[in-house]
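*Asks:* First, the structure itself, so that you have it in front of you.
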Amino acid sequence: MARKDGEHTRSKILEAACEVFGEKGFRGATHAEICRRSGVNTALINYHFRSKEILYVEAWSLAFSKSLEAHPVDGGVPDSAPAEERLRGRIFSIVSRVMDEDNKVFNIVHREMAAPTGLLSKVIHETIDPLRQDMERIIRELLGAKASEKDVHLCMMSIMSQCFHPSERRHRHKLMKKNPQGGHCVKIFDFSVQELAEHISDFSIAGIKATRKKTES
């Protein structure tokens with residue numbers, strides 16, 4: 001019973017930490033605020049995580065794992081499917097995560113980018129790299145044997161930029177709403193996840209085909 005209670009307490013702390021770090025960043029987040037939202041005292045935070053730095057890393061890891069659980073990497077497309085369909089599935093998964101208002105990953109990352117701590121570098125590297133490599137393998141397959149690593153990386157950069165643009169735009173929109181004197185409010189386009197994913201997929205696949213034609217000519 002004590003073990004289950006401990007796991008429940010730890011889970012409550014992490015859930016609250018995801019929210020607070022996403023709203024205020026590492027430096028702005030306080031134990032007091034995390035305690036208030038989780039309903040525990042500081043002693044329990046120290047017991048379960050030992051430091052704010054460890055809690056920060058584990059909060060991001062939880063947010064990331066929950067994001068993948070809600071939106072599987074393959075987008076529902078099996079590995080046996082043609083490369084184009086697998087790429088569409090990956091793009092749909094990324095856009096779904098980016099557009100998910102309950103996804104705390106990007107909130108934390110935005111705060112980290114605004115005031116870097118370096119604390120998330122290792123865990124982001126360990127979790128993101130396998131996904132990046134998986135996407136690059138599909139792109140390489142679509143580009144053909146004559147494509148260079150530079151071609152693969154350029155196509156990857158183009159796809160990811162399109163996928164993350166809605167998140168950046170939404171983030172700027174929130175900032176402008178909080179500080180109207182800071183500039184013109186950024187308009188949020190009313191596109192569904194499916195519409196965005198299909199457009200990015202069509203646009204990217206056409207670009208990859210054009211790149212392949214160029215390398216093989």
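No lab work stands behind these numbers, since they all come straight from the coordinates. Predicted, not measured: the structure shown is a model, and the values here were computed from it. With ideal geometry, Cβ positions are generated from the backbone for all residues, glycine too; neighbour counts draw on all protein chains shown.
*Asks:* Residue 102: net charge of surrounding residues, Cβ under 11 Å, Lys/Arg +1, Asp/Glu -1, itself excluded? Walk me through the numbers before you get to the answer.
*Replies:* Values: positive: 66, 97, 104; negative: 19, 100, 101.
Neighbourhood net charge equals 0.
*Asks:* Can you pull the one-decimal nm distance between simple spin-label points at residue 126 and residue 54, each 7 Å off the Cα toward Cβ?
*Replies:* 1.4
*Asks:* Taking R0 as 30 Å, what's the FRET efficiency between residue 8 and residue 114 from their Cβ-Cβ distance, rounded to 0.05? Before the final figure, lay out each step's value.
*Replies:* On the way: r = 33 Å, r/R0 = 1.09.
Approximately 0.40, to the nearest 0.05.
*Asks:* Sticking with this structure for a sec: Taking R0 as 41 Å, what FRET efficiency do you get between residue 154 and residue 27 from their Cβ-Cβ distance, rounded to the nearest 0.05? Intermediate values should be presented prior to the final figure.
*Replies:* Values: r = 36 Å, r/R0 = 0.87.
Step by step, r from the Cβ atoms, then E = 0.70.
*Asks:* Of (i) 20.0, 68; (ii) 15.9, 47; (iii) 17.2, 50, which one was derived for Rg and Dmax of the Cα atoms in Å from the structure shown?
*Replies:* Recomputing Rg and Dmax of the Cα atoms in Å here picks out (i).
*Asks:* Here's another thing I want to ask about it. Could you give each residue of the stretch 204-212 its phi-based ³J(HN,Hα) in whole Hz, using Karplus coefficients 6.51, -1.76, 1.60 with θ = phi - 60°, and x for Gly or Pro?
*Replies:* With the stated coefficients, the stretch 204-212 comes to 6, 5, 4, x, 5, 5, 5, 5, 4 Hz.
*Asks:* Put +1 on the Cβ of every Lys and Arg and -1 on every Asp and Glu Cβ in the stretch 61-216; which of 193, 68, 82 then has its Cα farthest towards the positive end of the dipole?
*Replies:* Result: 193.
*Asks:* Helix 2-28 against the longest principal axis of the chain: what's the angle in degrees, Cα atoms only, rounded to the nearest 10?
*Replies:* 70
*Asks:* My understanding is that a pair violates if its Cα-Cα distance is over 24 Å; which of 24/122; 122/146; 12/66 do that in this structure? Provide the component values of the computation, followed by the final result.
*Replies:* Details: 24/122 21 Å; 122/146 33 Å; 12/66 14 Å.
The pairs that break the limit, which is 24 Å between Cα atoms, are 122/146.
*Asks:* Work out from phi, with θ = phi - 60° and the Karplus expression 6.51 cos²θ - 1.76 cosθ + 1.60, the ³J(HN,Hα) of each residue of the stretch 149-157, listed in order in whole Hz, and give x for Gly and Pro.
*Replies:* 4, 5, 4, 4, 5, 5, 5, 4, 4
*Asks:* Rounded, prolate or oblate: which fits the stretch 1-115, taking a ≥ b ≥ c as square roots of the Cα gyration tensor eigenvalues, rounded meaning a/c under 1.5, else prolate when a/b beats b/c? Please list the in-between numbers first.
*Replies:* On the way: a/c = 3.29, a/b = 1.89, b/c = 1.74.
Because a/c hits 1.5 or more and a/b exceeds b/c, the stretch 1-115 counts as prolate.
*Asks:* How high is the FRET efficiency from residue 102 to residue 217, r the C-beta distance, R0 41 Å, rounded to 0.05?
*Replies:* Values: r = 47 Å, r/R0 = 1.14.
Result of the calculation: an efficiency of 0.30.
*Asks:* Could you tell me, in Å, what Rg and Dmax come out for the Cα atoms of the stretch 85-156?
*Replies:* Using the Cα atoms of the stretch 85-156, the pair Rg, Dmax is 14.8, 42 Å.
*Asks:* Scanning the chain for trypsin sites (Lys or Arg not before Pro) in DSSP loops with at most 13 other Cβ atoms within 10 Å, what's the longest stretch left with none? Mind showing how you got there, number by number?
*Replies:* Numbers: sites that count: 50, 146, 187.
That gives 51-145 as the longest site-free run.
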